[in-house]
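I have a structure I would like to understand better, so I am pasting it below and will then ask my questions one at a time.
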Amino acid sequence: MVNEPPAPAPRVAGPVPAPVAAACRSVRPAGPADVVAGVRPSAVARPASTAEASALLRAASGLGLAVVPRGAGTKIGWGSPPARCDLVIDMTGMDQVTEHAAGDLVATVQAGASLEQLAEALGAAGQRLALDPPALPVPGDGRRTRGTVGGVLAAGTAGPLRLRYGAGRDLLIGVTFVLADGTVARSGGKVVKNVAGYDLGKLLAGSRGTLALITEATFRLHPVPAATAHVAAECASAAQACELVAAAQAASISPVAAEIAWAAGPEPVRVAFALEGDPASVAGRARELAARARASGAAEVLAGAAPRWWGAFPWDGPAGGLGAAPGREAGTLVQVAFWPGDLGLVLAEIRATAAGAGAEVAVGGSAGAGILHALVPGRVPPERAAAFVSGLRGALGRALSAPLTAAPEAGQPARGQPADGQPARGQPADGQPADGLPAHGRAGPACRASAVVLAAPPAVRELVDVFGPVPGLALMRAVKSRFDPGGILSPGRFAGGI
Amino acid sequence: MTERARRARQRAGRTQAGHGGPAALAARLAAICGTGAVITDPMELRTYECDGLTAHRSCPGLVVLPQTAAEVAAVVRACADAGIPFVARGSGTGLSGGALPRADGVLIVTSRMRRILHIDPASRRAVVEPGVPNLAVSKAAAPYGLFYAPDPSSQQVCSVGGNVAENSGGAHCLKHGFTVHHVTGLEVVTPDGELTWLGDGTGTAPGYDLVGAFIGSEGTLGIVTKIVVLLTPLPQAVTTLLAAFESTGQGGAAVSAIIGAGILPAAIEMMDALSIEAAEAAVACRYPEGAGAVLIVELDGPAADVAAETAAVRELAARAGAFEIREAADPAERAAIWTGRRSAFAAVGRISPAYIVQDGVVPRTALPRVLDRIGELSAEAGLRVANVFHAGDGNLHPLVLFDDASAEQSAAAERLSGAILDECIAHGGSITGEHGVGVDKSRYMPKMFGAEDLDTMQLLRCAFDPAGLCNPGKVFPTPRLCGEVPGVRRGAHPLVAAGLAEQF
């Protein structure tokens, strides 16, 4: 697999090169608000159609211009700064809900439409896209938004509902996109059940604009539930919170979300759950869950509306709270992904690592789904925030890299965590005695957790590897070099310098 | 055999002569996997000449049955070194010829890799080898109150590795999703013989979602050797309803009413009069007499929700014209209701000498129009079509009945089956909902996708398999030459030089 570094491309001489201006009706010189992670582009183009986006990319690749796609701009600072950035493609000019086939529970929407716009269009039919990433401030603007369809897909953000409905990649059933050379292509379709051809939507979801420009997406929709309730509790310890998160996922309760929040500082550890379904059932399940929470010793058990911190990143808001506080959304935000059974261990490692690094840390996220967000506030010195990130990766690596053991006996302690580092032992598939095959290799991936920096002040970003170790990086480089051989799409923004 | 196939075989023959062919690898593969793991005997090779789609047959040059991931990697490396194509096969239950072997290639069978390596109930995950049967995962998870949700109808036999290749669904994928929603990590052997992990089992690994891209790639991007699967809590309650209607039109109206009411059943299946007749003949499922269509609706979840939804579905079905509704009160009654549905494909063999199983998808709201159109096409062709389908997601399985002793009928059946796919495409659907493209439907891909779409998909293939040795000839109608440096072609491609491929 060849992956030669792209040749250095010429920078834009003037503010807007003629071929770019000719490709798109709306092109303007870039201003200070258009900066991408500290790198200022020369121009901003706002295509109105997939055809215009295609013409733009054809022009840009002809000139060797580096291109960064942008939706609402709420996450434009995430990732590494681009190695080059000549042209920002602002997708907010493509904001139409193209088709809503309510009877089929499917909608096609342009990439620049916001999730709020989409929700409004779908809500009229009692339907929704079950994707609820945090609302974030639009740079240089007072507004907050969950983001555009394209931005949310490319950044791979999701919210509490991911426990039941998955992330954007799980709800995306078709996608139209433009390659670096202007080729317009699509994969998937308009039906949920479809295995024809490669599912390139999976590849583009979370690719942070490094493989193609997403221009249109088709989603599977869900009905708005007849009733929704939240049950929130304050736990005196992390262990108690973890127990409650595990207990809440009993089949009799079936939450669609299981969230946790632990502000910088001492306990309580807050947990909250969302229940959806038939009104009488939701009420009954909320009562059962609240009773379980009280029985476990939790205080302040409330059933009803979502708590203030629900579905937000754990920004260090006023009074050490966890709600979004305007102007306080700064700091180093790390996304920690893990196997949900390791929740207690991961929480402990996050707190211990922060303490060791001399940094405060607030933690929140989808505990039931194995996603936490750890925030080191902006007031913590950069070297301590950086020490937290690298320290956490080291700690997770030590704790969660040991080979997995065979299945525990039913009725034994539920966790199959290796205590003695024994190699994997075969468990025969159909309950027969072991077949005598030698144990070999590791049963699982190198490390069953990751810590990726989402947002960070420039001083922290310079000190850390934003993505950390990435399984399968060689194949990812090969994919990148096939899709974007000239290296013009968001160069340097992604894992491994992609 | 088509002209194209004849030419392909000739090219393959030349290639084989050129480098000694797969037989020359027998000693090296035996050194890797043991002599008992390599099959060269022509009679034994014949066992592997097709998968579940018996219309396509090709005896493999060599079969190897590795027992470990390291052995698979060494086998693939040996093939890559020799420039010999290879095809992976699980249990061989696929219905699109995705595991069709090549006479000039090696067939790598994963059926000896059938260990469940780890179950983590707290994380609701298991790590399994590719040859583990789908149902064995659910059986192993049951003591923890968990199950593996994807349930293709061949689940007793079909392998999890094959499910990964095909992104298998099943009757319950309407609510629970497909394989891609239940797999969070893969250990794979890349087409150049490297053993590597994609994803870390979390479902949110840093970097591109290569797990998602790999699942459903039909064995063209590599061979999976370990799989991290998600396990789902067993539902508190399950109800299965059987509703009998006079026509599929009434049944379809009931489906629309159920979905329109905001209910998401685990499964909604429909059978028409002819498939009911076949099922009665085969398994005496005792569905209500005189039914022109039956609907099977399964609801699962918390008990109170299931109770409320069951009442709603009963009422909606009755309002749509159901003349009898049965409700399974226990697992035995549930099994009885499903018996007819599960036996439908095989049962058609009782009422027809031969049949083609089609697999197409239309938007659910287009079902009535498409069923009418299938009726017209059936009348025009003078052939019977039995309709069995996953009504909730518009996934049709029309069974085209014909007499294979008649060349005329065989050809007409093939045309009719193809015309049904054309209808699916015309209604904005798909040429396959779950059986895959394989060799069987690659010729339909250009009807569903443009040349740019297919070329772009092949960029992914080129990233994984630049030499084009990994299950070549599947999914895509025309091979794409990858070139050594993206965007730059230098001289003749080795495959062209070897006569394995043509430059397009």
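Out of all the residues in the range A:465-481, which are more than 7 Å from every other protein chain (Cβ to nearest Cβ) and either hydrophobic (A, V, I, L, M, F, W, C) or farther than 24 Å from B:CYS462 by Cα (or both)?
The answer is A:ASP465, A:VAL466, A:PRO469, A:ALA474.
Here's a follow-up. Inside the range A:348-370, can you point out the residues that are surrounded by fewer than 23 Cβ atoms within 10 Å (Cβ to Cβ) and of a type outside the set (Gly, Ala, Ser)?
Residues satisfying the conditions are A:ARG351, A:GLU360.
I want to confirm something. Restricting to the range B:72-90 and keeping residues that are over 20 Å from the mean Cα position of the chain (by Cα) and within 14 Å of chain A (Cβ to nearest Cβ), which single residue is surrounded by the most Cβ atoms within 10 Å (Cβ to Cβ)?
Looking at residues that are over 20 Å from the mean Cα position of the chain (by Cα) and within 14 Å of chain A (Cβ to nearest Cβ), I get B:VAL72.
Moving on. Residues of the range A:482-498 being in a loop (DSSP other than H, G, I, E, B) and at the interface with another protein chain (Cβ under 7 Å from one of its Cβ atoms), which ones?
A:PRO485
Here's another thing I want to ask about it. Assuming B:ASP372 fulfils every condition listed in (1) of a type in the set (Asp, Glu); (2) buried (at least 24 other Cβ atoms within 10 Å of the Cβ); (3) in a helix (DSSP H, G or I) apart from one, which condition is it?
Here B:ASP372 meets the rest and fails (2).
Keeping to the range A:66-125, report how many residues are within 14 Å of chain B (Cβ to nearest Cβ) and assigned to a helix (DSSP H, G or I).
Number satisfying all stated conditions: 5.
How many residues are at pLDDT 60 or above and under 24 Å from A:GLY79 (Cα atoms) if we restrict to the range A:306-327?
The number of residues fulfilling the criteria is 5.
Still on this structure, I have one more. Being within 14 Å of another protein chain (Cβ to nearest Cβ) and under 26 Å from the mean Cα position of the chain (by Cα) is the filter here; which residues of the range B:268-302 pass it?
B:ILE268, B:GLU269, B:LEU299, B:ASP300
Within the range B:410-419, is there a residue that is within 12 Å of chain A (Cβ to nearest Cβ) and either among the charged types (D, E, K, R) or in contact with a helix residue (DSSP H, G or I) (Cβ under 7 Å, 6 or more places away or on another chain) (or both)?
no
When the range B:423-439 is examined, which residues are found to be part of a loop (DSSP other than H, G, I, E, B), more than 8 Å from chain A (Cβ to nearest Cβ) and buried (at least 24 other Cβ atoms within 10 Å of the Cβ)?
B:GLY438, the sole residue that qualifies.
Considering only residues that are within 14 Å of chain B (Cβ to nearest Cβ) and in a loop (DSSP other than H, G, I, E, B), which ones fall in the range A:352-370?
Correct list: A:GLY370 only.
From the residues in the range A:203-224 that are assigned to a loop (DSSP other than H, G, I, E, B) and either outside the structural domain of A:PRO133 (by TED's automatic domain parsing) or touching a residue at least 60 places away in the same chain (Cβ under 8 Å) (or both), which one is nearest to A:ALA283 (Cα to Cα)?
By that ranking, first place goes to A:VAL224.
Related question: Can B:GLU187 be described as more than 22 Å from A:ALA449 (Cα to Cα) and either surrounded by fewer than 24 Cβ atoms within 10 Å (Cβ to Cβ) or at the interface with another protein chain (Cβ under 9 Å from one of its Cβ atoms) (or both)?
Answer is no for this residue.
Looking at the range B:91-135, which of the residues that are among the hydrophobic types (A, V, I, L, M, F, W, C) and facing another protein chain (nearest Cβ under 7 Å) is farthest from B:VAL475 (Cα to Cα)?
Here the residue is B:ALA122.
I'd like to check something: does the range A:253-260 contain any residue that is outside the structural domain of A:SER49 (by TED's automatic domain parsing) and over 25 Å from the mean Cα position of the chain (by Cα)?
There is at least one residue in the range A:253-260 that is outside the structural domain of A:SER49 (by TED's automatic domain parsing) and over 25 Å from the mean Cα position of the chain (by Cα).
If you don't mind, another one. What are the residues in the range A:278-307 that are surrounded by 15 or more Cβ atoms within 10 Å (Cβ to Cβ) and part of a loop (DSSP other than H, G, I, E, B), if any?
Result: A:ASP278, A:SER296, A:ALA298, A:ALA306, A:PRO307.
The values are calculated or read from the model by the stated rules, or taken from the named source; none is laboratory data. Not measured: the values here are computed from a predicted model. So basically every Cβ, Gly included, is an ideal-geometry build from the backbone, and we count neighbours across all protein chains shown.
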